[in-house]
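S.K.: Sharing a structure here in structure tokens format.
The values are calculated or read from the model by the stated rules, or taken from the named source; none is laboratory data. Quick caveat: nothing in here was measured; it's all calculated off a predicted structure. Every residue, glycine as well, gets a Cβ built from its backbone with ideal geometry; the counts of neighbours run over all protein chains shown. Heavy atoms of the whole protein, side chains included, go into the accessibility calculation; ligands, DNA and RNA do not. Shrake-Rupley method; radii C 1.70, N 1.55, O 1.52, S 1.80 Å.
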Amino acid sequence: MSELPEIGPLLQRMGQELVAWLDRTQRTDPAIVGIHTGGVWVAEQLRDQWLPEAPLGTLDIAFYRDDFAQIGLQQGVRPSELPFSVDDRHLILVDDVLMTGRTIRAALNELFDYGRPASVTLVTLVDIEARELPIRADILGASLTLPPGQRVKLAGPEPLHLTLTTVAKP
């Protein structure tokens, strides 16, 4: 695998693409929702640099995971915070790494428990293309192909950077 991309240029391009996407699709007055933990870091950067007027919310999808019964409650669970109504609102859902699609499915389930958004735009820093569900990012920083047993993780919050980890086989 080649070198991991730097975060700064990815966020710059993603911000430009996001603003153009919102304009092209006529999605005004959006709210940004980051998925803990890395998705919140990315959401904060995008909001601060590109959409400073957009309110920011956070989701912790721990209780919405489809493997919750098997793995139980993970350490560091925090409450979700959506300081705005999601009803009829254009939401920008942000995550750091898109892998199987299951985290995004859980986040969508949680968002719909809060109400019915007008739309949800998915923004992801990295896609490692190990999909188990038919979920794709609307705005994507980079697509990576990893060898079996390797994962990429966003570390931060300052400075944000990608790291490779090896996953033990069960």
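S.K.: Step by step: find N for segment 92-158, compute 2.2 N^0.38 Å, then divide the Cα radius of gyration by it. What's the final number?
M.R.: 1.17
S.K.: With labels modelled as points extended 7 Å from the Cα through the Cβ direction, what inter-label distance (nm, one decimal) is found for residue 48 paired with residue 112?
M.R.: 3.4
S.K.: Expressed as a whole percentage, what fraction of the accessible surface of segment 102-164 belongs to carbon and sulfur atoms when a 1.4 Å probe is rolled over the protein heavy atoms?
M.R.: The nonpolar share, carbon plus sulfur, comes to 52 percent.
S.K.: Mind checking the per residue accessible area of segment 14-163 for me, 1.4 Å probe, whole number of Å²?
M.R.: Accessible area per residue: 50 Å².
S.K.: In addition: Give the percent of DSSP beta bridges with both residues in the chain that are antiparallel, rounded to the nearest 5.
M.R.: Within the chain, antiparallel bridges account for around 25 percent of the total.
S.K.: Set the Förster distance to 30 Å, then compute FRET efficiency between residue 167 and residue 25 from the Cβ-Cβ distance, nearest 0.05.
M.R.: According to the calculation, E is roughly 0.25.
S.K.: OK, next. In terms of the Cα gyration tensor, with a ≥ b ≥ c the square roots of its eigenvalues, is segment 1-120 rounded because a/c is under 1.5, prolate because a/b exceeds b/c, or oblate?
M.R.: Judged from the Cα gyration tensor, segment 1-120 comes out oblate (a/c at least 1.5, b/c at or above a/b).
S.K.: On to the next question. Sort the following peptides by mean Cβ neighbour count (other Cβ atoms within 10 Å, averaged over residues), highest first: 132-140, 7-15.
M.R.: Per-residue mean Cβ counts within 10 Å order the peptides as 7-15, 132-140.
S.K.: Can you compute 3J(HN,Hα) from phi for each residue in segment 28-33, using the Karplus curve 6.51 cos²θ - 1.76 cosθ + 1.60 with θ = phi - 60°, rounded to whole Hz and x for Gly and Pro?
M.R.: 3J(HN,Hα) across segment 28-33, in whole Hz: 9, 6, x, 10, 9, 10.
S.K.: With θ set to phi - 60° and the Karplus curve 6.51 cos²θ - 1.76 cosθ + 1.60, what are the ³J(HN,Hα) couplings of segment 115-132 in order, to the nearest whole Hz, using x for Gly and Pro?
M.R.: x, 10, x, 5, 7, 10, 9, 8, 10, 9, 5, 9, 10, 9, 6, 10, 5, 10
S.K.: Which whole-Hz ³J(HN,Hα) couplings does segment 94-104 yield from phi under the Karplus relation 6.51 cos²θ - 1.76 cosθ + 1.60, θ = phi - 60°, glycine and proline marked x?
M.R.: 10, 9, 7, 10, 9, 10, 7, x, 6, 5, 5
S.K.: Measure out, as a whole number of angstrom, how far apart the alpha-carbon centroids of segment 1-54 and segment 98-120 sit.
M.R.: 17
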